[in-house]
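S.K.: Quick one: the structure is below, questions incoming.
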Amino acid sequence: MQSRTLKREIAIAAALFAAGLLLLPPAIYWVGRQVAGDYAGGGGPLALANQIWADFVQLEPAAWLLVLSPYVLVQLVRLIGRTWRGRSVVNRFTDSHEA
């Protein structure tokens, strides 16, 4: 992978990781409040964010899935786009190694 491409991918991953860590907890709180009412922890959006962050540090799978979900979603969209264009990742990999 080229250095420029690697730097770009790291920047995208870092931005999406930050979004998952900082933007998703308040968004989840807001949607949950609209759908189900107040947060069961008795606190506001910061209480929910603190719980998610604590679970993330304690390596809880659900917290990791939540935080990494923006990056995973982007990768899934990229894979679907490549497949849709008829340039599957497997074919491109095997074609480049046959020569």
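Read the figures in this text as sums done on the coordinates, not as results from a lab. Not measured: the values here are computed from a predicted model. Positions of Cβ are generated from backbone atoms using ideal geometry, with glycine treated the same way; all protein chains shown enter the neighbour counts.
S.K.: Give me the distance in nm between label points sitting 7 Å out from Cα along the Cα-to-Cβ direction at Trp84 and Leu24, one decimal.
M.R.: 2.3
S.K.: Given R₀ = 22 Å, FRET efficiency for Val57-Ala15 by Cβ-Cβ distance, to 0.05?
M.R.: Step by step, r from the Cβ atoms, then E = 0.60.
S.K.: What does the convex hull of the Cα atoms come to per residue for the range 19-70, in Å³?
M.R.: About 72 Å³ per residue, rounded to a whole number.
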